[in-house]
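Asker: Got a structure for you, questions after.
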Amino acid sequence: MSIRRILALGLVLSLSVAAQDRGAQPVPKADDRLKTDVLLIVAHPDDETGVSAYLAQLMDQGKRVAAVYLTHGEAGHNNMGRERGPSLGAAREMELRHAMAQLGVQNVWFLDGKDTPSQDVLQSLANWRHGTNLEEVVRMVRITRPSVIITWLPAIFIGENHGDHQAAGVLAMEAFDSAGDPSVFPAQVAQPRKVNETLLEGLAPWQPQKMYFFSDASDDKQFKGKGPEYPTTAVSPTRHLPYWRVAMDEFRFHLTQYRSYIDKLGSMNEEQLTKLAGADQDGWSGPVQLIFGKSLVPCTPTGDVFEGIKPGLLAFVRPSAPSPMQHSGISIEIGGPWHFYENFRRAHNLTEMAKAETPEISVAAGTTLQLPVILRNDGGEPAEITLTATMPDGWALKNTLPRYRLEPGDVYPLEIEVTTAGKKSDQISEIACRAEAAGREVGTVKLRVRLAGGGLPQ
Ligand SMILES: [Zn+2]
């Protein structure tokens, strides 16, 4: 029988069944294969490395884990072949899918963000077309229906050097606070109108319950006590290996990025691997430190990730609007991504979220550092503002700082450019910009800086 005749017969059969059975029809359900308990939302193929030992533990507990990658990591390097740009992205997607299959994570999606080699979260969000990408992340949350989202910490720390990581955290947080709202991206939750519908998606709004972050800040001790910590030395009952070793085996697929290190691992015996894993700088057998982000169910910040999780759907509660930011008289504050994060934390009720007490960054020694500041005049009279900058020996302002005249209501963001010393150092230096009006200090902005041997541009 030809395929066409089989299909035609199937149609006749289903029509006759429908005609005979006049009982209640079952209502179509969301596809259960897509459902997850934990959704990892990260930027690049290999970003899972910081938490993969914990993901393996979750799967041993019978939890479902899925992952969304915002970019293909096409700005990385290639130690395996000549492919670069989008072709490298394809190679890295392949590596990631092999790695996650080894870990046991089957459901992995890649979205359309572009790998942005910069530390500035705002450049990443712009390059990804923020709104378009948010629509995709919200869709993935509604499709996968996670109880918990784990993502990068959206904040700037020395060592957290990638704007894309931070942007993944920003989008994950925005999706957490909006995927349950049926008025957000309503075509996704609209009823499909025809059999071959391509525009209206038939999803239900979904409110995740908890959100956790992780970070690759150089000083990871600062996050101790800010969230649950999961040792990786226990032996997995299904894999008969310590969890750190499961994570290491997952990592070995990322050859384009870490070929020589992975080759070194390949040349070691078990005893040598265990020794390396315990060493401070490799740290494979150290605990996975999560940072508490947000919970809509009662729980303690350092309690287990699944503490307080309720079965089923959680009602959407619109996050309360932050009180307006207060400004008075003449003021100076830090601008750029740091300023964005102040607004972001307030908008998403994250005022308790980990952040550097004094803004900080790591840049390559001998390069230009930009200190963004915002001058404001919220008073009733025009004002003249004088800026002075202090910095370590060997650093220099690129241009002398002019005086500024601000009319009432003026808000002026500017960048102060500083040439840093040419020698890298683990010491952390501080630069400060002091503003004076009418001979009186109105404020000082400080930035802690580590001069590294390289790294992404600011
Ligand atoms: Zn990354």
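The values are calculated or read from the model by the stated rules, or taken from the named source; none is laboratory data. All values reported here derive from a predicted model rather than from experimental measurement. Note that each Cβ is placed from the backbone with ideal geometry, even for glycine, and that neighbours are counted across all protein chains shown. The protein model used for the area step is the full one, side chains on, heavy atoms only, and it has no ligands, DNA or RNA in it. Shrake-Rupley method; radii C 1.70, N 1.55, O 1.52, S 1.80 Å.
Asker: Please find the FRET efficiency linking Lys221 to Glu342, where r is the Cβ-Cβ separation and R0 is fixed at 22 Å, and quote it to the nearest 0.05.
Answerer: Efficiency, rounded to the nearest 0.05: 0.35.
Asker: Within the range 46-90, what residues put their amide N at less than 18 Å from the label point 7 Å along the Cα-to-Cβ vector of Ala234?
Answerer: Inside the label zone: 51-65.
Asker: Please report the antiparallel percentage of the DSSP beta bridges confined to the chain, to the nearest 5.
Answerer: Here the share of antiparallel DSSP bridges comes out near 65 percent.
Asker: Limiting things to C-alpha atoms, what are the Rg and the maximum Cα-Cα separation (Dmax) for the range 102-198, in angstroms?
Answerer: 15.1, 52
Asker: Within 12 Å, Cβ to Cβ, of Ala99, how many net charges do the neighbouring residues add up to if Lys/Arg are +1 and Asp/Glu are -1?
Answerer: -4
Asker: Report the normalised scattering of the range 175-261 as log10 I(q)/I(0) at q = 0.12, 0.13, 0.17 Å⁻¹, calculated by the Debye formula with identical scatterers on the alpha carbons.
Answerer: -0.76, -0.82, -0.91
Asker: A further question on this structure: Over every pair of different alpha-carbon atoms in the chain, take the mean of 1/r and invert it; report that Kirkwood radius in Å.
Answerer: 24.8 Å
Asker: Here's something else I'd like to know. Cα-based Rg of the range 116-260 per 2.2 N^0.38 Å, rounded to two decimals?
Answerer: Normalised by 2.2 N^0.38 Å, the Cα Rg of the range 116-260 equals 1.28.
Asker: While we're on this one: Considering every Cα-Cα pair within the range 301-458, what fraction, in whole percent, is farther apart than 22 Å?
Answerer: 55 percent
Asker: Report the accessible area of Phe340, computed with a 1.4 Å probe over the heavy atoms of all protein chains in place, in Å² rounded to the nearest 10.
Answerer: Spelled out: Phe340, probe radius 1.4 Å, area about 40 Å².
Asker: Quick check on the chain: helices-only [θ] at 222 nm, where DSSP H runs of length 4 and up contribute -39,500 (n - 2.57) each and the sum goes over total residues. Nearest 500, please.
Answerer: Computed mean residue ellipticity for the chain: -8500 deg cm²/dmol.
Asker: Are any of the pairs Lys275/Lys423; Lys210/Lys355; Lys35/Lys114 more than 22 Å apart by Cα-Cα distance, and if so, which?
Answerer: Lys275/Lys423; Lys35/Lys114
Asker: In the chain, what percent of the accessible surface is made up of carbon and sulfur (1.4 Å probe, ligands and nucleic acids excluded)?
Answerer: 53 percent
Asker: Once you put a point 7 Å from the Cα of Arg193 and another 7 Å from the Cα of Glu135, both along the Cβ direction, what distance in nm separates them?
Answerer: 1.7 nm
Asker: Restricting things to alpha carbons, find the Rg to Rh ratio for the range 373-458 using the Kirkwood radius for Rh.
Answerer: My calculation puts Rg/Rh at 1.05.
Asker: Could I ask something else about it? If Lys and Arg each add +1 and Asp and Glu each add -1, what is the summed charge of the other residues whose beta carbon sits under 15 Å from the beta carbon of Tyr261?
Answerer: Result for the neighbourhood of Tyr261: -3.
Asker: May I ask for the Rg/Rh ratio of the range 346-418, computed from Cα atoms with Rh as the Kirkwood radius, given to two decimals?
Answerer: 1.05
Asker: Taking every Cα atom in the range 40-150, find the radius of gyration and the maximum pairwise distance Dmax, and write them in Å.
Answerer: Calculated on Cα positions, Rg and Dmax stand at 14.3, 41 Å.
Asker: Using only alpha carbon positions, build the gyration tensor of the range 233-321, then give the equivalent ellipsoid semi-axes as the square roots of 5 times its eigenvalues, largest first, whole angstrom.
Answerer: Three semi-axes, in Å: 37, 16, 13.
Asker: Which whole-number percent gives the relative contact order of the range 299-449, counting Cα pairs below 8 Å spaced six or more residues apart?
Answerer: Worked out over the range 299-449, it gives 27 percent.
Asker: Can you give the local net charge around Arg345? Use residues other than it whose beta-carbon is closer than 15 angstrom to its beta-carbon, Lys and Arg +1, Asp and Glu -1.
Answerer: Here the charged neighbours net out to -2.
Asker: Taking all protein chains together and a probe of 1.4 Å, list Cys299, Cys433 from the most accessible to the least accessible.
Answerer: Descending order: Cys299, Cys433.
Asker: Using only alpha carbon positions, build the gyration tensor of the range 224-281, then give the equivalent ellipsoid semi-axes as the square roots of 5 times its eigenvalues, largest first, whole angstrom.
Answerer: With the √(5λ) rule applied to the range 224-281, the semi-axes are 22, 15, 12 Å.
Asker: What accessible area per residue comes out for the chain, rounded to a whole number of Å², with a 1.4 Å probe?
Answerer: That works out to 50 Å² per residue.
Asker: Using only alpha carbon pairs under 8 Å that are at least six residues apart, calculate the relative contact order of the chain and give it in whole percent.
Answerer: 14 percent
Asker: Report the dimensions of the range 200-247 along its three principal axes from the alpha-carbon atoms, largest first, rounded to Å.
Answerer: 46, 33, 17
Asker: How big is the Cα convex hull of the range 245-388 in projection, averaged over all directions, in nm²?
Answerer: With every direction weighted equally, the projected area is 15.9 nm².
Asker: Can you give the extra length, in nm with one decimal, that the chain gains between Arg403 and Met325 once fully stretched, where that is 0.36 nm per residue apart less the Cα-Cα distance?
Answerer: Taking Arg403 through Met325 to full extension adds about 25.5 nm, to one decimal.
Asker: Equivalent ellipsoid semi-axes for the range 305-377, as square roots of 5 times the alpha carbon gyration tensor eigenvalues: give them largest first, rounded to whole Å.
Answerer: In descending order, the three semi-axes are 33, 21, 9 Å.
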